[in-house]
1. Among (1) touching a Phe, Trp or Tyr at 6+ places or on another chain (Cβ under 8 Å); (2) more than 24 Å from A40 (Cβ to Cβ); (3) surrounded by 14 or more Cβ atoms within 10 Å (Cβ to Cβ), where does S163 come up short?
2. Looking at A95, A108, can you tell me which residue is in the same structural domain as K37 (by TED's automatic domain parsing), modelled with pLDDT under 95, surrounded by fewer than 18 Cβ atoms within 10 Å (Cβ to Cβ) and of a type outside the set (D, E, K, R)?
3. From the list V117, V154, V126, exactly one residue is touching a Leu at 6+ places or on another chain (Cβ under 7 Å) and not aromatic (F, W, Y). Which is it?
4. Please determine, by comparing only the residues of segment 34-64 that are farther than 17 Å from H173 by Cβ and assigned to a loop (DSSP other than H, G, I, E, B), which one is nearest to the chain's Cα centre (by Cα).
5. So, of the residues in segment 54-86 that are among the aliphatic types (A, V, I, L, M) and either closer than 19 Å to S39 by Cα or modelled with pLDDT under 95 (or both), which turns out to be surrounded by the most Cβ atoms within 10 Å (Cβ to Cβ)?
Amino acid sequence: MLQRASVLKPARLASNISRCINYEVRAYTTSTEDAAKVSAVYKRLGVELSDPSLMTQAITHKSFAHGSVPTNEKLGYLGRTFLELHITEQKWDKANSNKTLRATVSYALSSDRLTKVGRSLGVDEVMRWKSPSSTPGSKTGEDTVLAHTVEAIVGAVYHDKGSKAARELVNKHIYTY
């Protein structure tokens, strides 16, 4: 809860303002170090996109910078659609029924599962988003954003490299059979 400025001592007020400014700057800038971290995640995935800006777009949620930069919304949609198709194809002959097939696909695409995949690959360390909470460092909604970012990375790979590269990525890192 915000306190009135007149109630705060000047030193404490300066500290609070400084902390908020530093948080905002950190959240909205991309340094060389950040770019290296992003490249390391893609390298871990075994993927090199031809357009570096696509790598950044895939990890940028619409909440980041109030949507003034390209975001991962469409890439996330493409990635999720590809994941549904690919997993359905992989499990088509093995599923006893439509219900079993749907359950398998739902499990593979669950937010919990994609969040775990994202954390294990370090995507959570590089994704660009802003928490809906005004509290610096708050993680409200992080899991949902992380799951969507994983889908967007798949979408970026599919968009840039095609279905073969996207299938390899999914089989190696996201849905191991």
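1. (3)
2. Testing whether each residue is in the same structural domain as K37 (by TED's automatic domain parsing), modelled with pLDDT under 95, surrounded by fewer than 18 Cβ atoms within 10 Å (Cβ to Cβ) and of a type outside the set (D, E, K, R) leaves just A95.
3. V154
4. It comes out as H61.
5. Top of the filtered list is A58.
Let's see how each residue does on (1) assigned to a helix (DSSP H, G or I); (2) modelled with pLDDT of 95 or more; (3) more than 12 Å from H61 (Cα to Cα):
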position	(1), (2), (3)
S120	yes, no, yes
S131	no, no, no
T135	no, no, yes
T140	no, no, yes
D143	yes, no, yes
A147	yes, yes, no
H159	yes, yes, yes
H173	yes, no, yes
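The values are calculated or read from the model by the stated rules, or taken from the named source; none is laboratory data. All values derive from a computational prediction rather than experimental measurement. Counting neighbours? That spans all protein chains shown, and the Cβs are built from the backbone with ideal geometry, glycine included.
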